[in-house]
Amino acid sequence: MRYGLPYQGSKNKIAENIISILPKGKRLVDLFGGGGAISHCASLSGKWESVYYNDFNPLVVDFLRRAINGDYSPDKFTPEWVSCEDFLKKKDTDGYIKYVWSFGNDGRTYIFGKEIEKVKRIIFNAVVSCDTAELTELLQKPVKFSGLTYIERRAEWRNFCLKNINISTPPLYSDRKNIATAKPAKPGKPAKHGKPARRNTLRFIP
């Protein structure tokens with residue numbers, strides 16, 4: 001399971017380890033919440049009645065609040081292509097654009113290089129809008145999707161790539177250990193995830 005927002009320095013991969021070694025209590029205060037991975041994981045663990053999230057950055061706070069409200073759920077939200085020009089114009093006022101459309105979610109640089117931006121736009125339009133004409137022309141191979149939502153079509157595109165495009169993993173990354181498998185520094189009972197406690201809430205510190 002993934003926790004929190006796409007955010008540089010996210011603790012998504014180690015959130016469960018961190019939560020497992022923290023003591024139970026009435027409330028957990030996440031003072032430097034960042035992308036909210038710890039607050040999200042804590043809310044699902046059932047170890048605290050309330051989880052308080054706080055961060056100094058107003059854009060990421062607003063982004064997280066909108067995500068919790070369901071503003072980005074597939075039944076409400078259809079993403080639109082954001083060009084490099086759009087990114088530079090809006091990144092300082094829109095948390096979604098700043099962190100989702102930036103390289104490594106750093107909030108500063110555009111996610112794609114100039115030489116591949118056009119190709120990525122073609123793929124985006126095919127997956128999100130089912131406009132596959134340019135993609136078919138680019139690949140010289142017919143591309144069709146059967147998924148009703150862009151989430152389903154994204155999975156189809158991934159499978160298409162695995163079957164039709166030769167992708168290799170550089171040795172530098174193939175030998176890297178997954179930090180999520182690292183054992184916590186102190187022994188602790190793993191947090192239980194799944195259905196949140198009935199009284200469990202996520203609140204924002206004003």
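The values are calculated or read from the model by the stated rules, or taken from the named source; none is laboratory data. All values derive from a computational prediction rather than experimental measurement. Ideal geometry is used to build each Cβ from the backbone, glycine not excepted, and the neighbour counts take in all protein chains shown.
From (1) within 30 Å of Ala126 (Cβ to Cβ); (2) surrounded by 15 or more Cβ atoms within 10 Å (Cβ to Cβ), pick out the condition that doesn't hold for Ser73.
Here Ser73 meets the rest and fails (2).
Among Ser50, Ser43, Ser39, which is the only one that is over 19 Å from the mean Cα position of the chain (by Cα) and either at pLDDT 95 or above or not aliphatic (A, V, I, L, M) (or both)?
After applying the criteria, what remains is Ser50.
When the residues of segment 19-33 are filtered to those that are closer than 27 Å to Lys98 by Cα and touching a helix residue (DSSP H, G or I) at 6+ places or on another chain (Cβ under 7 Å), which remaining residue is surrounded by the fewest Cβ atoms within 10 Å (Cβ to Cβ)?
Going through the qualifying residues, I end up with Asp30.
Check Ile14 against each of (1) under 14 Å from the mean Cα position of the chain (by Cα); (2) in contact (Cβ under 8 Å) with a residue 40 or more places away in the chain and name the one condition it does not meet.
The failed condition is (1).
Please pick out the residue among Asn105, Asn125, Asn57 that is surrounded by 15 or more Cβ atoms within 10 Å (Cβ to Cβ), polar (S, T, N, Q) and touching a Phe, Trp or Tyr at 6+ places or on another chain (Cβ under 6 Å).
Within the list Asn105, Asn125, Asn57, the selection yields Asn105.
Which residue pairs have Cβ atoms closer than 8 Å, lie 6 or more positions apart in sequence or on different chains, and pair a first residue in segment 34-49 that is without any contact (Cβ under 8 Å) to a residue 40 or more places away in the chain with a second residue that is among the hydroxyl-bearing types (Ser, Thr, Tyr) and part of a strand (DSSP E or B)?
That search, which allows pairs on different chains as well, returns Gly36/Tyr53.
How do the helices (runs of 4 or more DSSP H) wholly within segment 29-110 filter down when requiring 2 or more residues that are among the polar types (S, T, N, Q): which remain?
Those helices (runs of 4 or more DSSP H) span 37-45.
Of all residues being in contact (Cβ under 8 Å) with a residue 40 or more places away in the chain and of a type outside the set (Lys, Arg) in segment 121-153, which is nearest to Val100 (Cα to Cα)? Just the residue, please. Before the answer, list the steps.
To start, the set of residues in segment 121-153 that are in contact (Cβ under 8 Å) with a residue 40 or more places away in the chain comprises 121, 124-125, 128, 149-151.
Those left that are additionally of a type outside the set (Lys, Arg): 124-125, 128, 149-151.
Details: Phe124: 14, Asn125: 17, Val128: 16, Thr149: 19, Tyr150: 16, Ile151: 16 Å.
That would be Phe124.
Residue by residue, here is whether (1) in contact with a helix residue (DSSP H, G or I) (Cβ under 6 Å, 6 or more places away or on another chain); (2) modelled with pLDDT of 95 or more; (3) in a helix (DSSP H, G or I) holds:
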| residue | (1), (2), (3) |
| --- | --- |
| Lys114 | no, no, no |
| Glu134 | yes, yes, yes |
| Cys161 | no, no, yes |
| Asn166 | no, no, no |
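Just one of (1) without any contact (Cβ under 8 Å) to a residue 60 or more places away in the chain; (2) loosely packed, with under 13 Cβ neighbours inside 10 Å; (3) out of contact with any Ser or Thr (no Cβ under 6 Å at 6 or more places or on another chain) trips up Thr78, so point out which.
That leaves (1) as the condition not met.
Determine whether segment 42-49 contains at least one residue that is closer than 20 Å to Gly107 by Cα, buried (at least 16 other Cβ atoms within 10 Å of the Cβ) and of a type outside the set (Lys, Arg). Walk me through it before giving the result.
Taking segment 42-49 as the starting set, the residues that turn out to be closer than 20 Å to Gly107 by Cα are none.
Checked against the condition, which is being closer than 20 Å to Gly107 by Cα, buried (at least 16 other Cβ atoms within 10 Å of the Cβ) and of a type outside the set (Lys, Arg), segment 42-49 yields no hits at all.
Could you list all residues from segment 137-159 that are of a type in the set (A, V, I, L, M) and closer than 21 Å to Tyr72 by Cα?
Leu148, Ile151, Ala155
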